[in-house]
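**Student:** So that we are looking at the same thing, I have put the structure below in structure tokens.
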Amino acid sequence: MEKKYTFEQFQSEMKHKESFLKKIDVFYPNDQYVSENIPSYETDKITIKMCVFYIEDSCVMPFVKYAVKIDNGKVLFPEFSFDVSQYDSEEHLENVFIKSCDEQLVNIFVNDGQTGGSKSDEQSGGKLTDKIQSSFGKCYRGFIPKNDSIYVFYDVTVLLLNDHKLNPDFKYAIADELNGVKTIFGNSVHGSITKLFKPTKSFPLSAILNPWFIKSSGSYKSITIPLVGYLCMTNDDGDTFYTLTQEQIDEKYVTSDCLIDPKEVGLYYFFSTKILNPQPDATYIRHAFFTMKMRDWTSTKFPNKNSYKYEDDVNTVMFKLDSKTMIYGVKSPDQFVEY
């Protein structure tokens, strides 16, 4: 019997493709807008928001995945209170500030099993080895003050690529969820996160929304961000979309199986902006997908080859399923990834 090609094999193959990230140096956030000095506050205690992120490079372009917690229906960055009154100099304050942030970062990772801790400690998260903690300096990306809070940035890509795991209390989110959709599986994004993405005259949205790279000319260039969606199929008639459950993707997924051609408009992988025809007790998974060379069909009814001239150079299409739901179709499997 022929061995089945699995979704895990497909993802593994995509991971080993040469990516955009390997060709250039990508950075986040834009370092032109990162602060160098802790501002003065009227209060001695300030709230520190830990913006811990990972640069995902398995798609056609890299994007940022943020570590967030879901607590009582709210999506949050981890945070802690920091007392600035007990330090006698600016240098002393900044050294202790960064050290305190490093100590908080430890709690975001699962114990690596090398410290001799108990099994329960390893499962719930705990102190990492000194060797791993020494990597935090390489992960630190600065901070951005916003009103009465300070957002501190850590790029933990190198730690995750070395098989260190996030504490299971944390989930991943992408910028489109935190700034656009503002929900994750029905949990609303807290105002303390949306505040980070609020632009000002001196702080453009792209500074914090997009990853960046430096062009050969020396100028900064932002990288577009992916959208969040749910992988869809259609019924046999091709006129009703439904969202694939995690079980359906895990057990039945083959790259070509998810290519569909509803109404004869061409083969695409389709993603909806919300779960369609949800099944009781089913588990659904999110995908990040990139739109490229897009054809917008939102002003028309669902097209077909009789009403629309199919274009080979278009690799993303978009149309309205109803007043609240958009459907996107992408041609290439390297335009999307599960997360």
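The values are calculated or read from the model by the stated rules, or taken from the named source; none is laboratory data. None of these values were measured; they are calculated from a predicted model. Cβ sites come from the backbone with ideal geometry, for glycine too, and all protein chains shown count toward neighbours.
**Student:** State the number of residues belonging to the stretch 50-69 that are out of contact with any Asp or Glu (no Cβ under 8 Å at 6 or more places or on another chain) and modelled with pLDDT of 95 or more.
**Tutor:** Qualifying residue count for the region: 5.
**Student:** Does the stretch 166-186 hold any residues that are among the polar types (S, T, N, Q) and either buried (at least 18 other Cβ atoms within 10 Å of the Cβ) or within 19 Å of residue 31 (Cα to Cα) (or both), and which are they?
**Tutor:** Result: 167, 179.
**Student:** Determine which single condition residue 242 fails, assuming it passes every other condition in (1) hydroxyl-bearing (Ser, Thr, Tyr); (2) surrounded by fewer than 14 Cβ atoms within 10 Å (Cβ to Cβ); (3) at pLDDT 80 or above.
**Tutor:** (2) is the only condition that residue 242 fails.
**Student:** Any chance you could count how many residues in the stretch 60-79 are under 22 Å from residue 289 (Cα atoms) and assigned to a loop (DSSP other than H, G, I, E, B)?
**Tutor:** Number of matching residues: 3.
**Student:** Taking the stretch 48-59, which residues are assigned to a loop (DSSP other than H, G, I, E, B) and either among the charged types (D, E, K, R) or surrounded by fewer than 22 Cβ atoms within 10 Å (Cβ to Cβ) (or both)?
**Tutor:** If the condition is that a residue be assigned to a loop (DSSP other than H, G, I, E, B) and either among the charged types (D, E, K, R) or surrounded by fewer than 22 Cβ atoms within 10 Å (Cβ to Cβ) (or both), then 57, 58 are the ones that fit.
**Student:** Considering only residues that are at pLDDT 80 or above and either of a type outside the set (Asp, Glu) or under 30 Å from the mean Cα position of the chain (by Cα) (or both), which ones fall in the stretch 39-49?
**Tutor:** Across the stretch 39-49, the qualifying residues are 45, 46, 47, 48, 49.
**Student:** Can you give me the number of residues within the stretch 134-161 that are within 24 Å of the chain's Cα centre (by Cα) and either among the hydrophobic types (A, V, I, L, M, F, W, C) or at pLDDT below 80 (or both)?
**Tutor:** 14
**Student:** Please list, ordered by first then second residue, the pairs with beta carbon atoms under 8 Å, 6 or more apart or interchain, first in the stretch 68-85 and closer than 14 Å to residue 172 by Cβ, second outside any strand (DSSP E or B) and of a type in the set (Phe, Trp, Tyr).
**Tutor:** Short answer, once both residue conditions are applied: 68/77; 69/77.
**Student:** Quick one: in the stretch 23-54, which of the residues that are β-branched (Val, Ile, Thr) and in contact with a strand residue (DSSP E or B) (Cβ under 6 Å, 6 or more places away or on another chain) is farthest from residue 333 (Cα to Cα)?
**Tutor:** Only one residue fits best here, namely 46.
**Student:** Please give the number of the condition residue 92 fails out of (1) part of a strand (DSSP E or B); (2) over 30 Å from residue 216 (Cα atoms).
**Tutor:** (1)
**Student:** Output the residue which, of all residues in the stretch 261-301 that are of a type in the set (Phe, Trp, Tyr) and part of a loop (DSSP other than H, G, I, E, B), is farthest from the chain's Cα centre (by Cα).
**Tutor:** If we take residues in the stretch 261-301 being of a type in the set (Phe, Trp, Tyr) and part of a loop (DSSP other than H, G, I, E, B), then 297 is farthest from the chain's Cα centre (by Cα).
**Student:** Another one. Which of the residues belonging to the stretch 211-230 are surrounded by 13 or more Cβ atoms within 10 Å (Cβ to Cβ) and either more than 13 Å from residue 176 (Cβ to Cβ) or over 14 Å from the mean Cα position of the chain (by Cα) (or both)?
**Tutor:** 211, 212, 213, 214, 220, 222, 223, 230
**Student:** Among the numbered criteria (1) assigned by TED's automatic domain parsing to the domain that holds residue 154; (2) closer than 24 Å to residue 291 by Cα; (3) touching a residue at least 24 places away in the same chain (Cβ under 8 Å), which single criterion is violated by residue 242?
**Tutor:** Going through the list (1) assigned by TED's automatic domain parsing to the domain that holds residue 154; (2) closer than 24 Å to residue 291 by Cα; (3) touching a residue at least 24 places away in the same chain (Cβ under 8 Å), residue 242 breaks only (1).
**Student:** Also: Does the stretch 221-237 include one or more residues that are in contact with a strand residue (DSSP E or B) (Cβ under 8 Å, 6 or more places away or on another chain), within 30 Å of residue 152 (Cβ to Cβ), hydroxyl-bearing (Ser, Thr, Tyr) and outside any loop (DSSP other than H, G, I, E, B)?
**Tutor:** yes
**Student:** Sticking with this structure for a sec: What residue, among those in the stretch 31-78 that are of a type in the set (Ser, Thr, Tyr) and out of contact with any helix residue (DSSP H, G or I) (no Cβ under 7 Å at 6 or more places or on another chain), is farthest from residue 188 (Cα to Cα)?
**Tutor:** 40
**Student:** Of the residues that make up the stretch 323-336, is at least one at pLDDT 90 or above, under 18 Å from the mean Cα position of the chain (by Cα) and not acidic (Asp, Glu)?
**Tutor:** Yes.
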